[in-house]
Amino acid sequence: MDLGILFDDKLRFVQHVDLIRSRCFKKLSCILRTAKDLDLNFNCRRTLYHAHILSIISYCSVVFNSLSVSMFRRLEAVQKRAIYSLLCMWPDDISYPDACMLFDVLPLNQRFMVYDIILVSKLLSSKIDAPDLLSSLNFYTRSQHYYSRPTQLFLPQLSMLNSIMRSQTAVNNVMRCDQNFDIFTFSHDNIKRSVQRFMSLSNVS
C-alpha cells in the first residue's frame, strides 16, 4: 500500500476496490444505526455520507480511475447502496440520478471525470507543484485560422491507464461539448457543470 492506495502488478486495483467496499459498508452500517437511534434528519444523513463514505470512495481517484467496467460497477454499487439506504427508498421509488441530486453528489463516472480535469487545471495554475507531471502534458499546437476556436487543447497518447493521458482526453471531450469551457479560468463548480452537460449529451447520443 502506498499513501492509502493498494497497487497490484497489473494495475487493476481489484484489492483496492475490495478495501474501499469493506471500509464503506462498515461506515454505512454505523451511520444507519446512528441515524435510527438519534432519529437524524435528511441533512444530517447526507452530511455523514459526504464525510465518511464519499470521502473514502473519492480518495486519490485520479490514481485508480482506470478500472475495468466490472470493477467500476462494484465501486458504484457502494454509492448506490449507501444513498438508497440513507434515503430509506428503493430503486423503484426514485432513479439513481435523481437520488444523487438529492444527496448533492454526482454518479461516480462524472465525479471521477471532474477530478481528472481538476488535476490538469491545478497543474496549469501551479496549485500542484509537479514539474514532471506538467511536462507530460502534450499540447495540441496545430496551426489554425485565428478566428476559429480549437476543438481540443491536448494531443494525448492512446493510454487510458495513464492518469495524465486520461485527464487530457477528458478536457478535450468537454471542450468539444461546451464551447465556453476554459480549463485555465473555470472554477471547480463550472467544471462540474460542463462535465454534467457532456455526460448528458453523450447519453442522448
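Any idea which residue in the stretch 184-198 is farthest from the chain's Cα centre (by Cα), counting only those that are surrounded by fewer than 19 Cβ atoms within 10 Å (Cβ to Cβ) and in contact (Cβ under 8 Å) with a residue 12 or more places away in the chain? Per the criteria, the residue is Phe184.
Which residues, counting only those in the stretch 28-46, are exposed (fewer than 13 other Cβ atoms within 10 Å of the Cβ) and part of a helix (DSSP H, G or I)? Within the stretch 28-46, Ser29, Cys30, Arg33, Lys36, Asp37, Leu38, Asn43 qualify. Considering only residues of the stretch 55-108 that are in contact with a strand residue (DSSP E or B) (Cβ under 7 Å, 6 or more places away or on another chain) and surrounded by 16 or more Cβ atoms within 10 Å (Cβ to Cβ), which is farthest from Phe13 (Cα to Cα)? Here the answer is Val63. Selection of the stretch 60-111 for residues being among the polar types (S, T, N, Q) and within 26 Å of Phe7 (Cβ to Cβ) yields Ser61, Asn65, Ser66, Ser68, Ser70, Gln79, Asn109, Gln110.
Of the candidates Met101, Met71, Met89, the single residue that is under 19 Å from Arg193 (Cα atoms), assigned by TED's automatic domain parsing to the domain that holds Phe25 and either assigned to a helix (DSSP H, G or I) or without any contact (Cβ under 8 Å) to a residue 12 or more places away in the chain (or both) is Met101. Pairing residues of the stretch 21-48 that are under 16 Å from Ile83 (Cβ atoms) and modelled with pLDDT under 95 with residues that are assigned to a helix (DSSP H, G or I) and of a type in the set (S, T, N, Q), at Cβ distances under 7 Å and at least 6 apart in sequence or on separate chains, gives Leu40/Thr34.
The values are calculated or read from the model by the stated rules, or taken from the named source; none is laboratory data. This is a predicted model, so every value here is computed, not measured. Don't worry about glycine lacking a Cβ; one is built from the backbone with ideal geometry, like all the others, and counts go over all protein chains shown.
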